[in-house]
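Reviewing the structure listed below.
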Amino acid sequence: MSRRLLARQQGPARIRQPVAVIGPGDGDEQVCTAARFIARQLALSGLAVICGGRGGVMAAASQGAVEVGGIAIGVLPEDDTRAANPWLTVAIPTGMGEMRNAVIARSAICLVAIGGNMGTLSEMAMGLKWGKPVFTLHADMALPGATDCTEPEQLLAVLLEWLLTSPTPPGPPATVQSV
């Protein structure tokens with residue numbers, strides 16, 4: 001994606017929060033191909049992705065990230081991992097049902113919505129409410145405040161610009177002293 005972003009990710013100013021890649025569990029080939037491509041580029045730049053952990057766009061994003069050695073985190077609605085897609089690096093069973101959408105939106109530094117359905121819209125709305133950037137591709141509905149893109153490459157360019165200029169969230173102290 002970007003050598004500048006990869007360099008940032010290898011240093012002390014790295015972005016520790018994942019990027020949410022969200023979309024329908026029954027996404028068609030167009031949205032799944034885009035999700036896999038975008039997650040792959042994020043992983044190549046040293047970023048982790050987080051998603052709902054199941055099929056469709058979530059599985060495609062997980063696959064794209066893991067294929068290049070990245071990290072794919074899935075926050076599952078069930079209380080076990082049986083429905084988890086096979087590409088997840090980390091599967092988190094919550095037993096929270098669709099309320100897990102709030103966990104995804106809250107934990108991500110920003111959200112990339114590819115395609116749409118009611119679950120995706122809920123994640124987008126929560127992200128926007130909490131002041132997180134939301135980037136969309138093939139959206140079913142435009143939400144005020146979201147950045148709508150028409151091509152995966154355009155979305156990546158806009159996302160890259162935001163990631164490179166966003167402030168680094170605070171991390172742990174640089175050194176830990178024992179007493």
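Could you list all residues from region 28-47 that are part of a loop (DSSP other than H, G, I, E, B) and open to solvent by 20 Å² or more (accessible area, probe 1.4 Å)?
Residues of region 28-47 part of a loop (DSSP other than H, G, I, E, B): 28, 45-47.
Within region 28-47, Asp28, Gly46 meet the criteria.
Taking Gly52, is it modelled with pLDDT of 95 or more and in contact with an Asp or Glu (Cβ under 7 Å, 6 or more places away or on another chain)?
Details: modelled with pLDDT of 95 or more: yes; in contact with an Asp or Glu (Cβ under 7 Å, 6 or more places away or on another chain): no.
The answer is no for Gly52.
Report yes if Leu137 is in contact with a Leu (Cβ under 9 Å, 6 or more places away or on another chain), over 15 Å from Pro18 (Cβ atoms), open to solvent by less than 10 Å² (accessible area, probe 1.4 Å) and touching a residue at least 24 places away in the same chain (Cβ under 8 Å), otherwise no.
On the way: in contact with a Leu (Cβ under 9 Å, 6 or more places away or on another chain): yes; over 15 Å from Pro18 (Cβ atoms): yes; open to solvent by less than 10 Å² (accessible area, probe 1.4 Å): yes; touching a residue at least 24 places away in the same chain (Cβ under 8 Å): yes.
Yes, satisfied.
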Residue pairs meeting the criteria (Cβ under 6 Å; at least 6 apart or on separate chains; first in contact (Cβ under 8 Å) with a residue 12 or more places away in the chain, in region 1-29; second outside any loop (DSSP other than H, G, I, E, B) and among the charged types (D, E, K, R)): Ile22/Glu123
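Report whether or not Asn117 is within 20 Å of Ala146 (Cα to Cα) and at pLDDT 95 or above.
Values: within 20 Å of Ala146 (Cα to Cα): yes; at pLDDT 95 or above: no.
Considered against the rule, which asks whether it is within 20 Å of Ala146 (Cα to Cα) and at pLDDT 95 or above, Asn117 comes out as no.
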Can you tell which of Gly11, Gly55 is within 19 Å of Met118 (Cβ to Cβ) and either open to solvent by 30 Å² or more (accessible area, probe 1.4 Å) or assigned to a loop (DSSP other than H, G, I, E, B) (or both)? Gly55
Exactly one of Gly131, Gly115, Gly97, Gly145 is of a type in the set (Gly, Ala, Ser) and under 14 Å from the mean Cα position of the chain (by Cα), and that residue is Gly115
Among the residues of region 15-27, the number that are of a type in the set (A, V, I, L, M, F, W, C) and assigned to a loop (DSSP other than H, G, I, E, B) is 1
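The values are calculated or read from the model by the stated rules, or taken from the named source; none is laboratory data. Computed from a predicted structure; not experimentally measured. Please note: Cβ atoms are built from the backbone with ideal geometry, for glycine as well, and neighbour counts cover all protein chains shown. For the accessible areas, the whole protein counts, side chains as well, though only heavy atoms, and no ligand, DNA or RNA atoms are used. Shrake-Rupley method; radii C 1.70, N 1.55, O 1.52, S 1.80 Å.
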